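Below: one structure, written as structure tokens.
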Amino acid sequence: MSLLRLLGPALLALALAGCTFGRKVEVSHEKPDEKPLVFVPPAYHPSFDCLEAASIAQDEVCGSKILSGLDEAMAASYRRAIRNSDLIGSSQLASLQAHWLIDRRTACALPAGRRKDQPADPAAEACLQALYRERIARLDAWPKPVRAAGRGHPIGAYVSFQGADYRDPLCAPVQQLLEESIQRNGDVDPHHLSGAAELASTHGDAAALGLPFRLAVTAYKGDADKSYELRAQTLSIDGQPVVDQAIFGAWIRQQPNSGGRFFVAISDSKDFAALDAIRYQGRLFALAVEPWGYFSPASIGEASYAGLFEILGPGRAEPRCLYKTYSRPPARGAFDALPSLTQLRALLVTLQGEAPADYDPNDRRAAHLLAEARLWHDLNLPLIGTGEELQDGWAGWLRKRHDATWDALFAWSERDLGSKTLYRQLIDLMAPAGTELAQTFRDAQGLSPAEARDAADLALMELIEQHLGTYPGSEAAEAENPRALATYRPRFAVAPKPGDIEAGRPIASLHSAALNGAGDALGDFIRYEYGQLGHARSRGADGETALMAAAGNPATANLLLSAGADPNETDAAHRTALMTAARLDQLDTAQRLLDAGADPERATIAWTGTGPEGTAMPASAVTQGETALMIAADHARPALIRLLLDHGARPQDRDGNGGTACDRLAGNFRLEPADRTALAALLCR
């Protein structure tokens, strides 16, 4: 039984059909389809609305009855796997599903455009059918949590049953049963409650039990905001509601100061995490349980509730026992002002880039909701995640995937100097962010140093996977069972130090050597590439030259120029090494390039790059007509701007948008007000 069934929508609250006291029958109340206002041709019915199809993969699905059925089956398998997993498992699965959705187009070689109003491609359909069937099989095999024997459930650190309003002698013994079940199993399944019997009447006809009335519970299937869990709304007898949000809320309002709650509504959707009937000591009861965790109805420091009602007959359910079940830790805002963590999260958003067209907006929204909820729990209920990591056997699996992600990130960083710079910034921020997290876990939540370190490591790994889980290779661990990786030895620290990821990797080209500042290998690669390859020398993505890659390192740039590197050689966008030096505000490199004959009047062409294959990173875009002086006005200090002017750079040049170097001074964060004024006199003529 999954912990997610107990923790609210994002944690998959204790649900009617999954972790409740009755026959596991799903009761769904969905609105009938409304008639369209305009004529719509007959269409198949996949998991999404074909009228809102947003990618060519969805076009193919909507044009095929078989693919539509497979898409619906895949969505059902995905939601079921999320529902049956624990917190870590659901988070990792959501990241992997995003990777699969993005990768469909390239996996089946679909074109980048759309195929509306055109017949389906048989080859594409056959490929997608195979891809979907493989995905469904993998989702159905997604590991369910298997807790190590003899260990208490980690949710016991945050959830307990405490008496709030006792009106019956049974309240205390039932509280003890519920408390023991939470601490031992993390749930209130009747099979874990000694002396309690489940009643199938909760979800169906009670005639077989000999009751003189029929018990029924209405329920619905939640979306991503409830982690796809079933939610209970009303317990009725012979069609008459006897326990619902209004009745339970009224009981809470009877408590002193409204039970310590500013809001008495059970949830924004007016439902329960669980609402079920049990027989206990010869009496019939209904147990209503509010959600816990991210979507708990309580504010920080307030309580959630569970209520035990005695069912006396049609229209009659009397309140007997009210329990406070959960109180959030007082950590409001504790993580909001951590400088390194804030910078890290902003950088991860940059690295993640804009979602590709292959990723439907509705799928993106669902993944975002799951990720936000998971991060909240990582920060506010850290012992649940670290407990699962140890007790459910995720530790080795997480570390292997984390290693694979670092490998993928390093491979991506080899594209060009811009990617390498972002990669190094990420490395530099990881350890300080981890230190801030661990200190805050100790100060705000009272965790021990070891607990705080483990919680910080898990939070960092989750952040990396949530943002960067679509990088090629990061999905490599999906096919492996977590238990099989129990003895896995990580290759990298969760927060590696500069140089750790590169250690032991061979340098394959002069471009890579220049990019990584590999001084020992430079001479050999220069002799080989300049002596034997001629103009076929190595380049990075989008045609970046070794000289451009070395623009941030004057000594390396000087070696390349001395070997005969052309200072005016360009990449696919016609950018030069001098432009790169201007962007980096690298005065020494710019001086050496100009001395070697670099032309400050070279200009770019309008160009859009392809972006890294299989990732959500945005493609580079270059404006036509950009010069080194314009770039320097955007990024460099006065000395480099004056150097370019001294070598003939023209301030009157305009880019493709009609802008000049003068127009860019206002956004240059490196300039003091006096510098900006002085430079304006030179550039704004």
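Assorted remarks:
- Number of residues in the range 277-294 that are assigned to a helix (DSSP H, G or I) and buried (at least 24 other Cβ atoms within 10 Å of the Cβ) equals 1.
- Pairs where the first residue, in the range 276-297, is outside the structural domain of residue 211 (by TED's automatic domain parsing) and the second is of a type outside the set (D, E, K, R), C-beta under 6 Å, 6+ apart: none
- Only residues that are within 23 Å of residue 356 (Cα to Cα) and at pLDDT below 75 were counted across the range 108-154, and they come to 5.
- Taken over the range 626-643, the residue count meeting the criterion of being among the acidic types (Asp, Glu) and either touching a Leu at 6+ places or on another chain (Cβ under 8 Å) or part of a loop (DSSP other than H, G, I, E, B) (or both) is 1.
- Looking across the range 552-585, the residues that are small (Gly, Ala, Ser), outside any helix (DSSP H, G or I) and more than 20 Å from residue 526 (Cβ to Cβ) come down to 572, 573.
- Residues that are surrounded by fewer than 17 Cβ atoms within 10 Å (Cβ to Cβ) and among the acidic types (Asp, Glu), drawn from the range 165-202: 168, 180
- Checking each residue of the range 527-549 against the condition of being among the charged types (D, E, K, R), in contact with a Lys or Arg (Cβ under 8 Å, 6 or more places away or on another chain) and assigned to a helix (DSSP H, G or I) gives at least one match.
- Taking first residues from the range 653-681 that are touching a residue at least 60 places away in the same chain (Cβ under 8 Å) and partners that are in a helix (DSSP H, G or I), the Cβ contacts under 8 Å between residues at least 6 apart in sequence or on separate chains come to 670/635.
- Check on residue 537, closer than 26 Å to residue 428 by Cα and surrounded by 14 or more Cβ atoms within 10 Å (Cβ to Cβ): no
- Answer residue from the range 517-528, given it is of a type outside the set (Phe, Trp, Tyr) and surrounded by 20 or more Cβ atoms within 10 Å (Cβ to Cβ) and is modelled with the lowest pLDDT among those: 522
- Candidate set from the range 58-72 (those that are at pLDDT 90 or above and among the hydrophobic types (A, V, I, L, M, F, W, C)); member that is surrounded by the fewest Cβ atoms within 10 Å (Cβ to Cβ): 66
- Residue pairs whose Cβ atoms lie under 7 Å apart, sitting 6 or more positions apart in sequence or on different chains, and linking a residue in the range 454-480 that is assigned by TED's automatic domain parsing to the domain that holds residue 354 to a partner that is modelled with pLDDT of 90 or more and not in a helix (DSSP H, G or I), are 455/447; 457/494; 460/494; 460/495; 461/494.
- Residue that is nearest to residue 603 (Cα to Cα) [pool: residues in the range 628-643 that are surrounded by fewer than 19 Cβ atoms within 10 Å (Cβ to Cβ) and charged (D, E, K, R)]: 642
- Wholly enclosed helices (runs of 4 or more DSSP H) of the range 323-414 bearing at least 3 residues within 30 Å of residue 49 (Cα to Cα) and touching a residue at least 60 places away in the same chain (Cβ under 8 Å): 361-380
- Verdict on residue 529 being closer than 18 Å to residue 507 by Cα and under 43 Å from the mean Cα position of the chain (by Cα): yes
- Among the numbered conditions (1) modelled with pLDDT under 90; (2) closer than 22 Å to residue 226 by Cα; (3) surrounded by fewer than 17 Cβ atoms within 10 Å (Cβ to Cβ), the only one that residue 76 does not meet is (1).
- If you go through the range 604-617 and keep only what is at pLDDT 80 or above and either more than 22 Å from residue 552 (Cβ to Cβ) or surrounded by fewer than 20 Cβ atoms within 10 Å (Cβ to Cβ) (or both), you end up with 605, 606, 607.
- Positions within the range 644-679 being assigned to a loop (DSSP other than H, G, I, E, B), surrounded by 12 or more Cβ atoms within 10 Å (Cβ to Cβ) and among the small types (Gly, Ala, Ser), in sequence order: 649, 656, 659
- Members of the range 209-228 that are in a loop (DSSP other than H, G, I, E, B) and either of a type in the set (Ser, Thr, Tyr) or not assigned by TED's automatic domain parsing to the domain that holds residue 296 (or both): 227, 228
- Breaking point among (1) touching a Ser or Thr at 6+ places or on another chain (Cβ under 9 Å); (2) crowded, with 18+ Cβ neighbours inside 10 Å; (3) modelled with pLDDT of 90 or more; (4) in the same structural domain as residue 240 (by TED's automatic domain parsing), for residue 162: (2)
- Condition met for residue 266 (assigned by TED's automatic domain parsing to the domain that holds residue 320, modelled with pLDDT of 85 or more and in contact with a Pro (Cβ under 8 Å, 6 or more places away or on another chain)): no
The values are calculated or read from the model by the stated rules, or taken from the named source; none is laboratory data. All values derive from a computational prediction rather than experimental measurement. Every residue, glycine as well, gets a Cβ built from its backbone with ideal geometry; the counts of neighbours run over all protein chains shown.
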